[in-house]
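Below is one structure, written out as structure tokens; comments come after it.
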Amino acid sequence: MEKLAILGGTPVRNTPIYYGRQMIDQKDIDSVVEILKSDFLTCGPAIQALEEKIKHIVDSPYAVAVSNGTDALHTAVFGLGLSEGDEVITTPLTFAATANAILYQDGIPVFADVCADTYNISAESIRKKITPQTKGIIAVDYTGQPADYNALHSICEEFNLWLVEDAAHAIGSSYEDKKVGSIADATTFSFHPVKTVTSGEGGAITCRDEPIYERMMLFRTHGITRNMKQMKHPSDDPWYYEQLLLGYNDRLSDIQAALLISQLDKLDLFSSRRREIATQYRQAFQNLNTLTLQTELIMAKTTPHLFVIQLNLENLRATRREIYDALAAENIYCNVHYIPVYYHPYYESLGYTRGQCPTAEYLYERVLSIPLYPMMTDQDVEDVITAIYKVLCYYRK
Ligand SMILES: *Cc1c(COP(=O)(O)O)cnc(C)c1O
């Protein structure tokens, strides 16, 4: 057996590789430079062009571009409506922003557990958490794989709830031939550099209902309208506008929009390379008894944003931290997605306690996100596989 780098052996590779990374080419750069030389750095035509492109790509009648994925969630929750004390059910296995969006609108996040095989929110657990105060559900397409939308839709219909899909991981995925972005009442995207396509910072919401779209458009720009049809005191004075509700400045700039338009041209390319790498990982790891892979839904076609391995700690002589460190010494840097949201001290201060979602907590102890991004070379993929074999075989019981 080869000596692990952490024990003084030679690392699998000499340069570090991280769990995610953006891909920017000359077309992206040219696209941004063109905007820098144009008349509009913000509030210009690139935003509308971007929204048209998103609508087309995800098959949705309405799209709103915003500053980031967190604003997208906040805007979606505002658009669909939430009053103080309303409850919204969501997953703890997500970035804190998903639940924070509920708090921003004075709602109460209620955490339902995840499925042990897909790691997505469990419909069965949701049913147990519904109360007369429940107003909606925010599902997350963890790693890019769509949640169980058939089950979620029937729950929403039965209890008259709205459904937000946090698709920060899932642009390019589909569920039963429906594109992610056309499934829920509102779908939110993030374009942070670790996500599948990027604008540096950026986000968007898609929806199919015009009044909700109008509310979200107002919310993005302070609640201000220049549309006479929406005004309380209509006036055609050229300087006149009205603030109708309390919104924010959640705008994306044209510089960012130009980058994202160019990135979206490569979405199919990125998706197929991501799928290819994920397939190689699955084939390589399927027979290892030291890890378990996320179950793939038959009815979904996923563009994987993350590749998560679940360590079978009972078959290992090492902790997850020791495995993480051993892989890092081989120059393979993993990450962990996610710390259950209610573990955070802020949520503790609101009265949330541990133990409420045992499956999510169990997974949190065992998962590692291994490198996955389209720029990985075949050699990079091979190095990751080699390092995982090297480390897990060394620590196998
Ligand atoms: C990245 C992410 C967000 C937040 O997006 P930002 O653009 O970083 O604000 C929300 N939810 C999930 C699941 C994410 O991965």
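Bear in mind these aren't lab numbers, they're just calculated from the coordinates by the rules spelled out. No experiment lies behind these values; they were computed from the predicted model shown. Cβ: placed from backbone, ideal geometry, glycine included. Neighbour counts: every protein chain shown.
Quick notes on this one:
- Volume of the Cα convex hull of the range 55-102, divided per residue and given in Å³: 106 Å³
- Trypsin sites (Lys or Arg not before Pro) within the range 271-339, DSSP loop, no more than 12 other Cβ atoms inside 10 Å: Arg317
- Placing unit charges on the Cβ atoms of the charged side chains and taking the dipole of the range 1-47 about its Cα centre, the candidate lying farthest along the positive direction among Thr42, Pro16, Ser31 is Pro16.
- As computed over the chain, the Cα convex hull volume per residue (Å³): 146 Å³
- Student exercise, the range 1-149 dipole from Lys, Arg, Asp, Glu Cβ charges, in Debye to nearest 20: 400 debye
- Candidates Asp237, Asp28, Asp254: whichever shows maximal mean-square fluctuation once the chain is modelled as a Gaussian network with Cα springs under 10 Å: Asp237
- For the chain, a crude dipole built from +1 on the beta carbon of Lys and Arg and -1 on the beta carbon of Asp and Glu, taken about the Cα centre, is about 920 debye to the nearest 20.
- Listed residues Lys55, Lys266, Lys195, most fluctuating in the chain (Gaussian network, C-alpha, under 10 Å): Lys266
- For the chain, built as a Gaussian network whose Cα springs stay under 10 Å, the top-fluctuating residue of Phe191, Phe219, Phe159: Phe159
- Gyration tensor verdict on the range 52-132 (Cα atoms; rounded if a/c is under 1.5, prolate if a/b is larger than b/c, oblate otherwise): oblate
- Furthest towards positive pole of dipole, Gln105, Ser173, Asn150, structure part the range 104-177, Cβ charges: Gln105
- Note on the range 93-170: Rg/Rh from C-alpha atoms, Kirkwood Rh, equals 0.92.
- Farthest positive-ward along the chain dipole, Cα basis, beta-carbon charges - from Leu244, Cys207, Leu368: Leu368
- For the range 301-343, a crude dipole built from +1 on the beta carbon of Lys and Arg and -1 on the beta carbon of Asp and Glu, taken about the Cα centre, is about 160 debye to the nearest 20.
- Part-to-part distance (alpha-carbon centres) for the range 39-84 and the range 90-106, which is given in Å: 19 Å
- Scaled against 2.2 N^0.38 Å for its residue count N, the alpha carbon radius of gyration of the range 238-397 is 1.38.
- Cα-based Rg / Dmax (Å) for the range 153-294: 20.3, 72
- Each of the GluC sites (Glu not before Pro) that DSSP puts in a loop and that has at most 16 other Cβ atoms within 10 Å breaks the chain; the longest unbroken stretch is 177-295.
- Counted over the chain, the DSSP beta bridges are approximately 60% antiparallel.
- When the alpha carbon coordinates of the range 267-351 are projected onto the principal axes, the ranges are 43, 34, 26 Å, largest first.
- Listed cross-link partners Lys195/Lys266; Lys37/Lys195; Lys53/Lys179; Lys55/Lys229; Lys3/Lys390 are compared with a 19 Å cut-off, the Cα-Cα value being larger for Lys37/Lys195; Lys55/Lys229.
- Computed over the range 1-135, the convex hull of the alpha-carbon atoms projects to a mean area of 14.8 nm².
- Spacing of the two label points (7 Å from each Cα toward its C-beta) at Glu176 and Arg396, in nm: 4.1 nm
- Counting every C-alpha pair in the range 131-201, the share spaced more than 16 angstrom apart comes to 47%.
- Whole-Hz ³J(HN,Hα) from phi, Karplus 6.51 cos²θ - 1.76 cosθ + 1.60, for the range 115-132, glycine and proline x: 6, 6, 9, 9, 6, 8, 3, 8, 4, 5, 5, 4, 4, 6, 9, 6, 10, x
- Applied to the range 134-140, the Karplus parametrisation 6.51 cos²θ - 1.76 cosθ + 1.60 on θ = phi - 60° returns per-residue 3J(HN,Hα) values of 5, 10, x, 10, 10, 9, 10 Hz, with x for Gly and Pro.
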